[in-house]
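Student: My questions will all concern the structure given below.
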Amino acid sequence: MAKTAASPSIEPVPESEGQPVYQAAVDAKQRGARIFTCAVIVAYTEGGGLGLGAKRTTTLKRWDPSALLDAIEALGWRLEHLDHVWAQTAANASIGNNAIVKGLTHAHYLFRAL
């Protein structure tokens, strides 16, 4: 079983990630849209290890989207559906059996106008 970093602190979604999503929600509301969808990066993972039972490690960094979701709902949107998708961003298996895999978890949100 992979070793995971001890309970990483969870910070809010960075402003650089959340502000464009919030602005898109504002714009959609002003256009009179009935549905608004967006994706927000909520986690970064990096894992690696050596084959044949050697040490394996996993790094996890998470971001809490709740303040962003609250702000979007305050505009008159209601969260209807949520899904998470992990996307691999890098891999390196060129050093023997050592493999390092990196990825991001995207939360996909669907909001409906109130």
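Student: Restricting to the stretch 38-78, count the residues that are surrounded by 14 or more Cβ atoms within 10 Å (Cβ to Cβ), of a type outside the set (Asp, Glu), at pLDDT 95 or above and over 15 Å from LEU104 (Cα atoms).
Tutor: Adding up the residues that qualify gives 7.
Student: Could you count how many residues in the stretch 9-23 are assigned to a helix (DSSP H, G or I) and among the hydrophobic types (A, V, I, L, M, F, W, C)?
Tutor: The qualifying residues number 1.
Student: While we're on this one: Can you tell me how many residues in the stretch 16-37 are modelled with pLDDT of 95 or more and of a type in the set (Asp, Glu)?
Tutor: Qualifying residue count, the stretch 16-37: 1.
Student: Still on this structure: Please find, within the stretch 79-114, the residue that is modelled with the highest pLDDT out of those that are over 13 Å from ILE41 (Cα atoms) and among the β-branched types (Val, Ile, Thr).
Tutor: So the residue we want is VAL101.
Student: For the stretch 79-91, give me the residue count where each residue is surrounded by 11 or more Cβ atoms within 10 Å (Cβ to Cβ) and farther than 15 Å from ALA39 by Cα.
Tutor: Summing the residues that are surrounded by 11 or more Cβ atoms within 10 Å (Cβ to Cβ) and farther than 15 Å from ALA39 by Cα in the stretch 79-91 gives 2.
The values are calculated or read from the model by the stated rules, or taken from the named source; none is laboratory data. All of these numbers come straight from a predicted model, not from anything done at the bench. Don't worry about glycine lacking a Cβ; one is built from the backbone with ideal geometry, like all the others, and counts go over all protein chains shown.
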